[in-house]
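Okay, so here's the structure we're looking at.
Coordinate-derived values only; no laboratory data. None of these values were measured; they are calculated from a predicted model. Don't worry about glycine lacking a Cβ; one is built from the backbone with ideal geometry, like all the others, and counts go over all protein chains shown.
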Amino acid sequence: MQHFDYIDYELLDDGRIAVITLDRPKQRNAQNRGLLVELGAAFELAEEDDAVRVVILRGAGPCFSAGHDLGSADDIRERSSGPGQHPTYHCNGGTLGGVETRHRQEWHYFFQNTKRWRNLRKITIAEVHGLVLSAGLMLAWCCDLIVAAEDTVFADVVGTRLGMCGVEYFGHPWEFGPRKAKELLLTGDALTADDAHALGMVSKVFSNDELFDCTVEFARRIAKLPSLTALMIKESVNQTVDAMGFGAALDACFSLHQLNHAHWADITGNPLGIGTVEHGLEDWRQAPEILPAAKRRP
């Protein structure tokens, strides 16, 4: 079995169910480059294994994922020159500089990989709990089904904290609906598990202490289907959504995302290309409170 530093991979039910666990609990499963590359390798393991019919993606610790890693010790080491730098910063545009580096790197490691996971030849279930913030949404949305704990909070705060127009895999209008997507991005407000279930984004809501066991039982129901039947159901829905413009919209919005980065890189001089508090944004380092998207609160 392949060795992983940032995730766990295990098989259940004689290999019919693969469980991938994001395992950076102290960092709230923030997505550094090593984690994302390992996640891709884990999905490939499940893809290649003909015994696997369903893949569960979950997170260790207090939450599913708080989004992109913007400055942990691992993130700084991986980005910085030296023996600890992640090898992906030496390829796929990593050595070119400027807008081209950011565009190519994000295309490979934030955008194209997420699209690839969405089209995995297996049924995938995101088992989420706690915070599912910004890029955490991407990991949930690329899965076929989402099962949530009762305490789950869904929000994209990059608009209010970083001055960005959402994340690289811009599924917001498709998952939230157009007007709700605008509201949530402009305010940084959050949906509960029940809110997300009412929208059809979440399939099941379970208590926290029953979450994993119930998710496995849900996966077992699906794993009973013939593998071709499950795949054809998945493909029928995915191809219908693609015919409605989903794939083209993702590509267009990724380009807008890069334009947004380029703007902030030009204004601030920060190569990360994100906005700062001087421009009216919240200080993300202070982890501002995320408010519920309440119907009667301005």
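Determine, from the Cβ-Cβ distance of Glu10 and Gln85 and an R0 of 30 Å, the FRET efficiency 1/(1 + (r/R0)^6), rounded to the nearest 0.05. The pair Glu10/Gln85 has a calculated efficiency of 0.50.
If neighbour count is taken as other Cβ atoms inside 10 Å, put Ser236, Ser134 in order from fewest to most.
Going from sparsest to densest Cβ surroundings: Ser236, Ser134.
Karplus-derived 3J(HN,Hα) values for segment 42-57, using 6.51 cos²θ - 1.76 cosθ + 1.60 with θ = phi - 60°, are 5, 4, 5, 4, 5, 4, 6, 8, 5, 6, 6, 10, 9, 10, 9, 10 Hz; glycine and proline are entered as x. Spatially, segment 106-142 and segment 79-105 are offset by 22 Å when compared through their Cα centroids.
Length available on full extension from Val99 to Asp151: 0.36 nm per residue minus the Cα-Cα distance, which gives 14.8 nm. Evaluated at q = 0.13, 0.30 Å⁻¹, a Debye calculation over the C-alpha positions of segment 1-51 (equal weights, vacuum) places log10 I(q)/I(0) at -0.30, -1.18.
Rounded to whole numbers, the Karplus 3J(HN,Hα) couplings from phi for segment 157-171 are 9, 6, x, 7, 9, 10, x, 10, 8, x, 9, 5, 9, 8, x Hz, using 6.51 cos²θ - 1.76 cosθ + 1.60 with θ = phi - 60°, and x at Gly and Pro. Rounded to the nearest 20 debye, the dipole size of the chain about its Cα centre is 580 debye, using +1 on the Cβ of Lys and Arg and -1 on the Cβ of Asp and Glu. The gain in end-to-end length when the Lys26 to Gln112 segment is fully stretched comes to 28.2 nm, 0.36 nm per residue minus the alpha carbon separation. Our Cα-only numbers for segment 151-244 put the radius of gyration and Dmax at 16.2, 46 Å. Residues whose amide H comes within less than 5 Å of that of Thr124, counting only those at least five positions distant or on another chain, are Val55, Asp144, Leu145 (H built at 1.01 Å from N in the peptide plane). Each peptide in 136-148, 157-169 receives the mean, over its residues, of other Cβ atoms within 10 Å, and ordering these scores from highest gives 136-148, 157-169.
Ordered by the count of other Cβ atoms within 10 Å of each Cβ, fewest first, Ser81, Ser227 give Ser81, Ser227. Taking amide H as placed 1.01 Å from N in the peptide plane, the amide H of Gln31 sits under 5 Å from that of Gly67, His68, Asp69, each at least 5 places away or on another chain. Sketch the reach of a paramagnetic label on Arg121 as a point 7 Å from Cα along Cα-to-Cβ, and name the residues of segment 1-29 whose backbone nitrogen lies under 19 Å away. Answer for segment 1-29: 15-19.
Residue exposure proxy: Thr124, Thr152, ordered by other Cβ atoms within 10 angstrom of their Cβ from fewest to most, comes out as Thr124, Thr152. Given Lys182/Lys295; Lys122/Lys224; Lys115/Lys180, which pairs have Cα atoms separated by over 19 Å? Check vs 19 Å cut-off fails for Lys115/Lys180.
Here the alpha carbons of segment 180-225 define both size measures, Rg and Dmax, at 14.2, 42 Å. Projecting the Cα atoms of Ala60, Asn113, Met201 onto the charge dipole of the chain, computed from C-beta unit charges around the Cα centre, puts Met201 farthest toward the positive end. Size check on the chain: the Cα extents along the three principal axes, sorted descending, read 54, 53, 39 Å.
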